[in-house]
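Read through the structure below, which is laid out as structure tokens, and then see the notes.
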Amino acid sequence: MNFTWLFFFILAFTLIAFVLWNFPWLTKYYMLRVSTFKIERDENILVVSDLHLNPSNIKYKPLEKIIREKKVKYLVIAGDFIEYKHKEIEKEKLVRILVKILKKLNLERENITIFYIPSKSSHDPKISQNLELQLKSTKIHIINGVLKLASKSVTLYITHGDYASRDGGVAATINRMLKLFGRKLFLEKLLRKILKLEESSWLVMGHTHIPGIDNSSKVANCGAWSRHFLRKETNTAVLIEKEKIKIVRVE
């Protein structure tokens, strides 16, 4: 009998510990910092997430196709960009990896500005502060937390999404289950409330690998460019053209 109670005690303790770890907004054991950038003109913005690129074996991703077709001036990578076991990285090594990736993706000579928002839970290297890098004609801003990108027509808050649920599989399961009960994009809407965003602004994230958009709630998920444990790639992104926000797919 004592062993039975001990088993259930350990099980309950483990479950509670996981819940508190997986949903950091419950206890606020860490907070998300918001970094603001203003765009003077209504240039086209593309938001992608979850490319899961291995620096030693980068598989081609046709990003430059949509960047050129849509005349994108700002590319936002909303986390899970690089497979790096989520550990600290020296700035020089990070630069070498990014140069290699941009060259492979045919983006190193594009005259664009890139914002990279690493995940705070897994995959991406641990980056504890904002960084600004200049790689040939491409400027890269590495944002720790949330990017607030404001143009004349729209204000976007962009983050990976793991503050709502750190485990991507759990996050995807929550969204899929609640969609069955008419609660589409549940975690996106929850995170919007947690961050206390203005009514006129948008929240865009990735993490779940499930693309979607809700214009009435002003939330969107850009999907994924890599297959990852029961979650397939969608090759989708969120495109912002002035005040128009939509999901686009690259074949």
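Overview of values
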{"read-out": "R0 of 41 Å, Cβ-Cβ distance LYS38-LEU230: FRET efficiency to nearest 0.05", "value": "0.55"}
{"read-out": "3J(HN,Hα) from dihedral phi, the stretch 218-233, Karplus parametrisation 6.51/-1.76/1.60, rounded to Hz, x for glycine, proline", "value": "6, 9, 8, 10, 8, x, 9, 10, 8, 6, 8, 6, 6, 10, 8, 6"}
{"read-out": "Whole-Å semi-axes of the ellipsoid equivalent to the stretch 29-161 (Cα gyration tensor, √5λ, descending)", "value": "21, 19, 13"}
{"read-out": "Accessible solvent surface per residue of the chain, calculated while the other protein chains remain in place, 1.4 angstrom probe, Å²", "value": "53 Å²"}
{"read-out": "Loop sites in the stretch 159-229: trypsin sites (Lys or Arg not before Pro), DSSP, at most 15 other Cβ within 10 Å", "value": "ARG183, LYS196, ARG227"}
{"read-out": "Two-decimal Rg/Rh across the stretch 93-166, once Rg and the Kirkwood Rh are taken from alpha-carbon atoms", "value": "0.99"}
{"read-out": "Nearest-0.05 FRET efficiency for GLU199 and GLN134, computed from C-beta distance (R0 30 Å)", "value": "0.25"}
{"read-out": "Rounded tilt (10° steps) of 2-22 against the dominant C-alpha axis of the chain", "value": "20 degrees"}
{"read-out": "Residue-averaged 222 nm ellipticity for the chain, from DSSP H runs of 4+ at -39500 (n - 2.57), nearest 500", "value": "-8000 deg cm²/dmol"}
{"read-out": "Fully extended contour minus Cα-Cα distance, from ASN22 to LYS126, at 0.36 nm per residue", "value": "35.7 nm"}
{"read-out": "Solvent-accessible area, 1.4 Å probe, carbon plus sulfur percent, for the stretch 18-138", "value": "50 percent"}
{"read-out": "Longest site-free stretch - the chain; sites: chymotrypsin sites (Phe, Trp or Tyr not before Pro), DSSP loop, at most 14 other Cβ within 10 Å", "value": "61-180"}
{"read-out": "Share of Cα-Cα pairs in the stretch 1-67 lying beyond 14 Å, as whole percent", "value": "79 percent"}
{"read-out": "Under the Karplus curve 6.51 cos²θ - 1.76 cosθ + 1.60, θ = phi - 60°, whole-Hz ³J(HN,Hα) for the stretch 183-192, x wherever Gly or Pro sits", "value": "9, 5, 6, 4, 5, 5, 5, 5, 5, 4"}
{"read-out": "Length-normalised contact order for the chain - Cα pairs under 8 Å, 6+ apart - percent", "value": "21 percent"}
{"read-out": "Neighbour cut-off at most 11 other Cβ (10 Å), DSSP loop, trypsin sites (Lys or Arg not before Pro), the stretch 16-51", "value": "LYS28, ARG33, ARG41"}
{"read-out": "Largest-first ellipsoid semi-axes for the stretch 168-218, taking √(5λ) over the Cα gyration tensor eigenvalues, angstrom", "value": "19, 12, 10"}
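The values are calculated or read from the model by the stated rules, or taken from the named source; none is laboratory data. Just so it is clear, the structure is predicted and the values come from calculations on it, not from any experiment. Neighbour counts are summed over all protein chains in view; Cβ atoms, including those assigned to glycine, are modelled from backbone coordinates with ideal geometry. Only protein heavy atoms, including side chains, enter the accessible area calculation; ligands, DNA and RNA are left aside. Shrake-Rupley method; radii C 1.70, N 1.55, O 1.52, S 1.80 Å.
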